[in-house]
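Below: the structure, in structure tokens.
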Amino acid sequence: MAPRRKLAAGNWKMNGLSANLSEVEALMAAHPAPGCDVLLCPPATLLHRLAQTCAGHALAAGGQDCHAAGNGAHTGDTSAEMLLEAGAAYVILGHSERRADHGESNAEVRAKSVAAIEAGLAAVICVGETLAERESTRTLEVIREQLAGSLPGQISGDTVVVAYEPVWAIGSGLTPTLEQIAEVHDFIRAELSRGFGEDAGDAVRLLYGGSVKPSNASEIFAVSNVDGALVGGASLKAADFSAIITALEAA
């Protein structure tokens, strides 16, 4: 089994205007040949321009969501095929903010993941527990349910990335202990191997997300079964995201 290639993924969320593309240019200049995969997921309004900016560079572009249908009367939504045409190689699905703000269920996330993969995108599927679920010791139960309900019927290292983002750590400045991160990532790896076979389960990259920043990246990347990070606010500035990439390259 070939070693899993590390992935540093940036989720800009609802942030970014044309002027912010200068940060992308600075990031590419700092990492002309990165030693890991690098992904930026800007808002849909910037996706095509960011993809054009990255053309010829190893940095990949991705979407932040897609609809499960290929087309139709879904005002305001974007299909996986549209993201692909705009230059995306990946799409984030099931982020806790989508699950909370838009009421997305595991079944909806699964339908979107199937559509994304069929269109030729790699799906970055997010799972994670709330603070209440963590405090009631239901973390692994919640993660198991989300994996079982959100993942497509077949997975591979080329089509699926799983991102563990404890909801209570996103944008809060709070970070789980390294032991807590290891417990969940090891659990996810075991669940993937159990459900899809050891080869497929071992090939899928597992990202940690939730207040990842230059000051804690190295210690997080040293944790068992952490293959990279899904980074929020720190991915908006080239200097911060560059430091995280450098930490991942050294991991």
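For the reader, a short list of remarks on this structure follows.
- Phi to ³J(HN,Hα) by Karplus 6.51 cos²θ - 1.76 cosθ + 1.60 over segment 214-223, Hz, x for Gly, Pro: x, 6, 10, 4, 4, 5, 5, 5, 7, 6
- Between segment 165-192 and segment 103-134, the alpha-carbon centres lie 17 Å apart.
- Cα gyration tensor shape of segment 6-132, rounded if a/c is under 1.5, else prolate or oblate by comparing a/b with b/c: prolate
- Counting only lysines at least 8 places from Lys6 when in the same chain, those with an alpha carbon closer than 20 Å to its own are Lys213.
- The chain: C-alpha gyration tensor shape, a/c 1.5 cut-off, then a/b vs b/c: rounded
- Taking the Cα centre of the chain as reference, the dipole from Cβ charges on Lys and Arg (+1) and Asp and Glu (-1) amounts to some 300 debye.
- Summing charges over all other residues whose Cβ lies under 10 Å from the Cβ of Ala243, with Lys and Arg as +1 and Asp and Glu as -1, gives +1.
- Using the average count of surrounding beta-carbon atoms within 10 Å as a protection proxy, the listed peptides 101-110, 13-22 rank, highest first, as 101-110, 13-22.
- Placing R0 at 22 angstrom, the Cβ-Cβ distance between Ser172 and Ser224 gives a FRET efficiency of 0.40 after rounding to 0.05.
- Alpha-carbon geometry of segment 54-124: the Rg and the Dmax are 12.0, 38 Å, given in that order.
- Partner lysines for Lys112 [C-alpha distance under 23 Å; skip if fewer than 8 residues away on the same chain]: Lys13
- For segment 166-251, the Cα gyration tensor yields ellipsoid semi-axes of 24, 14, 11 Å (square root of five times each eigenvalue, largest first, whole Å).
- Most positive-pole-ward Cα, Gly103, Gly63, Thr130, against dipole of the chain from beta carbon charges: Gly63
- Charge tally around Leu17: other residues with Cβ under 13 Å, Lys/Arg +1 each, Asp/Glu -1 each, net 0.
- Each stretch of four or more DSSP H residues adds -39500 (n - 2.57); spread over every residue of the chain, this sum gives -12500 deg cm²/dmol at 222 nm.
- When only Cα pairs below 8 angstrom with a gap of at least 6 residues are kept, the chain shows a relative contact order of 22 percent.
- Normalised by the number of residues in segment 34-86, the mean separation of alpha-carbon contacts (under 8 Å, six or more apart) gives a relative contact order of 33 percent.
- Mean separation of Cα contacts under 8 Å, 6 or more apart, over the residue count of segment 133-251: relative contact order %: 26
Readers should treat all values here as calculations from the given coordinates under stated rules, not as data from a laboratory. Since we're looking at a predicted model, the values are computed, not measured. When we count neighbours, we look across all protein chains shown, and the Cβ atoms used for this are built from the backbone with ideal geometry, even at glycine.
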